[in-house]
Amino acid sequence: GNPTQIVISNPALNFNKTLDLKTDGVLICNDDMKMGLYPIFEKGNSLLVENDINLVMWGFNSRTQKLISAPDDKTKDSANQYLKKIVDGELAVIGENPFFDGVKVQASGTAAGADSTPFIAYHQYLKSNLYNEVGISSNFNMKAERLISSELDAAEDSLFPLVYSMMANRIAGVEAINAMYGQSISVDFGSIWALKNKELVDDVTDNNEDNTDVQNPAAVKSRIE
């Protein structure tokens, strides 16, 4: 059920052609599900933006500690003038009894102990979940106490499946390129992923380097180069 041809259209190179996936080149998939990383980042970033909006709205609402209501336009104008003078730093005097009789001050719902902690915790969770999806360890535990080693290591195993799947597809891809075009291309982890264990990614354990040097930055740098 998989496609056997691919259409490539590149206006910059003036190239538009239908190619055979087996004879004209090598198609390298990002992962086993051929999903790519775009849906992961789209979902995570969309939720982060929505939570940013929640924080902004919370900031706006937190400015309203009291709600002032007036029964008529005259009383409303008097209340607005009074508030304007207070904001401008002027001392305001109210000398009309109808103003006191008509104006009502009500407590805002935001003044009842609401704070931004849930939004901050949710933001940290979303960002950590996004990083973990692509194999970057990020803690989202909101415990006030310090975390023990077992708690920090608990989610480590969940970091590797997608990253290892992407590496396995790239290894298979460059092996196909080497066989088809007589090249000697190799691929390995880079950046923070280079410090992770590569064992069993290519189903061969003998060719994996000893990981005892990962704590030595100079050794890691030399190996990467």
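The values are calculated or read from the model by the stated rules, or taken from the named source; none is laboratory data. Everything numeric in this text was worked out from a predicted model, so none of it was measured. Ideal geometry is used to build each Cβ from the backbone, glycine not excepted, and the neighbour counts take in all protein chains shown. Just so you know, the surface numbers come from the protein's heavy atoms only, side chains and all, with ligands and any DNA or RNA stripped out. Shrake-Rupley method; radii C 1.70, N 1.55, O 1.52, S 1.80 Å.
Can you tell me what the convex hull of the Cα atoms of segment 18-57 projects to on average, as an area in nm²?
For segment 18-57, averaging the hull's shadow over all directions gives 4.3 nm².
Over segment 1-62, with every protein chain in place, what whole percent of the accessible area is carbon and sulfur at 1.4 Å, could you tell me?
Carbon-and-sulfur percentage of accessible area, whole number: 59.
Highest first, please rank the peptides 80-87, 11-18 by the mean number of other Cβ atoms sitting within 10 Å of their residues.
Ranking the peptides 80-87, 11-18 by packing returns 80-87, 11-18.
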